[in-house]
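Asker: Pasting a structure here, questions to come.
What follows is calculated from the coordinates using simple rules that are stated; it is not laboratory data. Every value quoted in this text rests on a predicted model; they were computed, and no experiment measured them. Positions of Cβ are backbone-derived with ideal geometry, glycine not excepted, and every protein chain shown enters the neighbour counts.
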Amino acid sequence: MITVKDLRKSFGDTEVLKGITTEIREKEVVCVIGPSGSGKSTFLRCLNMLEEITSGQVIVDGDDITDPTTDINDVRSRVGMVFQHFNLFPHKTVLENVTLAPQKVKGMAKQEADKIGKSLLEKVGLADKASAYPNSLSGGQKQRVAIARALAMNPTVMLFDEPTSALDPELVGDVLSVMKELAQEGMTMVVVTHEMGFAKEVGDRVFFIDEGVFMEEGTPAEVFDNPQHPRTQSFLSKVL
Ligand code: ADP
Ligand code: MG
């Protein structure tokens with residue numbers, strides 16, 4: 001589903017991603033863990049061209065997004081992204097937040113977009129909040145709206161950037177269970193997270209990134225129970 005070859009990304013003179021090569025298969029859930037500032041967000045943002053890649057190749061769902069002739073907006077519409085800080089439109093209702101992109105980007109009729117939007121709100125447990133405004137919701141509810149909004153574009157891949165990091169602890173579980181359900185339905189997912197329990201239970205593979213390098217990757221059992229690299233061992237000893 002995603003192929004990454006020698007991906008490098010610099011900001012000015014600082015190389016933040018130092019040659020990442022990996023593959024993410026269809027229906028796979030990959031959890032990316034690593035210290036703050038190691039390049040996790042930059043890696044995700046390079047997968048849907050929110051950042052311009054310095055060198056290397058990224059192929060998403062058959063399209064080489066590093067090829068200048070590729071229609072980036074088309075690729076982006078197939079890659080859903082969920083951010084730490086929700087990024088909802090505050091002056092639009094919950095349902096409008098979910099139905100905006102399908103109408104604007106895909107030209108979907110309002111009636112159909114509303115129908116899909118309502119069923120997605122039901123899926124994330126927020127059917128009763130369709131006419132509410134984001135600022136009346138808890139952080140956990142906002143994040144579930146953000147997930148529904150991303151799903152409304154019917155993406156083939158979902159990217160999550162620390163989706164629960166900004167939430168009060170008691171609100172984390174509802175968001176993780178929506179993500180777990182998505183995983184069980186076969187969605188291909190790349191999840192940057194500090195929720196090691198989620199990574200262990202739901203992740204098919206775990207990537208440990210440090211200083212812009214994928215230091216170690218393996219199944220959750222391999223990475224968590226038997227980390228090979230001293231950096232992985234040191235990181236896990238601090239977070240587990
Ligand atoms: P993480 O998500 O793992 O905390 P990031 O990918 O956000 O790390 O950042 C990795 C490094 O890249 C950090 O040193 C950060 O300061 C730097 N960085 C990220 N975005 C930018 C930017 N737009 N301009 C300059 N430096 C950036
Ligand atoms: Mg980050």
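Asker: When the residues of the stretch 159-175 are narrowed to those that are under 21 Å from Gly117 (Cα atoms) and either surrounded by fewer than 22 Cβ atoms within 10 Å (Cβ to Cβ) or of a type in the set (Phe, Trp, Tyr) (or both), which ends up nearest to ligand 2 (Cβ to nearest atom)?
Answerer: Step by step, filter the stretch 159-175, then rank; the result is Phe160.
Asker: Out of the stretch 11-29, which residues are within 16 Å of ligand 2 (Cβ to nearest atom) and either exposed (fewer than 14 other Cβ atoms within 10 Å of the Cβ) or under 21 Å from Val157 (Cα atoms) (or both)?
Answerer: Phe11, Thr14, Ile20
Residue-wise test of (1) over 17 Å from the mean Cα position of the chain (by Cα); (2) within 16 Å of ligand 2 (Cβ to nearest atom); (3) surrounded by fewer than 18 Cβ atoms within 10 Å (Cβ to Cβ).
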| site | (1), (2), (3) |
| --- | --- |
| Gln184 | no, no, yes |
| Thr188 | no, no, no |
| Arg205 | no, no, no |
| Gly212 | yes, yes, no |
| Met215 | yes, no, no |
| Pro220 | yes, no, no |
| Asn226 | yes, no, yes |
| His229 | yes, no, yes |
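Asker: Please enumerate the residues belonging to the stretch 15-56 that are touching a helix residue (DSSP H, G or I) at 6+ places or on another chain (Cβ under 7 Å), aliphatic (A, V, I, L, M) and within 13 Å of ligand 1 (Cβ to nearest atom).
Answerer: Those that are touching a helix residue (DSSP H, G or I) at 6+ places or on another chain (Cβ under 7 Å), aliphatic (A, V, I, L, M) and within 13 Å of ligand 1 (Cβ to nearest atom): Val16, Leu17, Ile20, Val32, Ile33.
Asker: Considering every residue within the stretch 199-213, establish whether at least one is among the aliphatic types (A, V, I, L, M) and assigned to a helix (DSSP H, G or I).
Answerer: Scanning the stretch 199-213, I find at least one residue that is among the aliphatic types (A, V, I, L, M) and assigned to a helix (DSSP H, G or I), so the answer is yes.
Asker: Between a residue in the stretch 40-59 that is without any contact (Cβ under 8 Å) to a residue 60 or more places away in the chain and any residue that is part of a helix (DSSP H, G or I) and within 13 Å of ligand 2 (Cβ to nearest atom), which pairs come within a Cβ distance under 7 Å, given they are 6 or more apart or on different chains?
Answerer: Close Cβ pairs satisfying both conditions: Glu51/Thr42; Glu51/Arg45; Ile53/Cys46; Val58/Cys46.
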